[in-house]
Amino acid sequence: MGFPKRWCDWIKGMCLSSRAAVLVNGSPTFDFRCEKGLRQGDSLSPFLFLIVMEALSWILNKAKDIGVFKGINFSEDEPDLTHLLYADDALILGEWTCENIKSIARVLRIFYLCSGLRINLHKSNIYGVCTDDLEVDNMMEVLGCKRADFPFTYLGIKVGAKMTRIFNWEPVVDVIKGRLAV
């Protein structure tokens, strides 16, 4: 991504020098080296995670550009939408075909091999729009995740719900009221 060697050496040094201790009955144990990068809660973690998510975004865009993955399209004059990333949430969008689902699995495998970060498919969901449950179950087996139904909540907003109904906005209003009360 064009980062200077000195900056890369700093990051590498921080990752290799991470040490931690465990509190047992209020007393710390001996220090040990963290084997997998930074410590949990390290202030550098969100920044490095965004850089890694940029790599996932690049792989998904490349798969779309070379024609092995087809996103969704809302109109002829707009580009395909393949993914949305926010913090540690990823939403991958694509045409409903077996080959497209297999391509997603391949992209996630390539991402894991390049970054060492494995997407936990057992905690991931697949949603089929205008598809029957049997077809969604078949795709679920291909990808190795679980099937979920509409509406679902993404970043605190109900997706697939009729948002013209006032009660579907209640969770959003409650969050805003809670923040205003503080």
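None of the figures in this text is laboratory data; all of them are computed from the coordinates on show. Every value quoted in this text rests on a predicted model; they were computed, and no experiment measured them. Counting neighbours? That spans all protein chains shown, and the Cβs are built from the backbone with ideal geometry, glycine included.
Points to keep in mind about this one:
- Charge dipole of segment 23-182 (Cα centre as origin; +1 on each Lys and Arg Cβ, -1 on each Asp and Glu Cβ, all else neutral): 540 debye, rounded to the nearest 20.
- Highest average first, the peptides 89-102, 64-77 ordered by how many other beta carbon atoms sit within 10 Å of their residues are 89-102, 64-77.
- Under a model in which nothing but the beta-carbon of Lys, Arg (+1) and Asp, Glu (-1) is charged, segment 9-104 shows a dipole of about 640 debye around its Cα centre.
- For segment 38-165, convex hull of alpha carbons as volume per residue, Å³: 142 Å³
- Cut-off 11 Å, label 7 Å out along Cα→Cβ of R147, residues of segment 73-108 by amide N: none
- Unit charges at the beta carbon, dipole of segment 40-182: most positive-side option, G41, Y154, T82: G41
- Its Kirkwood hydrodynamic radius, worked out from the mean inverse distance over all distinct Cα pairs, puts segment 1-83 at 16.4 Å.
- Between H122 and L134, the contour length at 0.36 nm per residue exceeds the alpha carbon distance by 2.4 nm.
- Rounded to the nearest 0.05, the FRET efficiency derived from the C-beta distance between D174 and F74 at R0 = 30 Å is 0.45.
- Its convex hull of Cα atoms gives segment 102-144 a direction-averaged projected area, equal to a quarter of the hull surface, of 3.1 nm².
- Between helix 170-181 and the chain: long-axis angle, C-alpha atoms, 0 to 90°, nearest 10: 40 degrees
- Calculated [θ] (222 nm, deg cm²/dmol) that DSSP helices of n ≥ 4 give over the chain, each run adding -39,500 (n - 2.57): -13500 deg cm²/dmol
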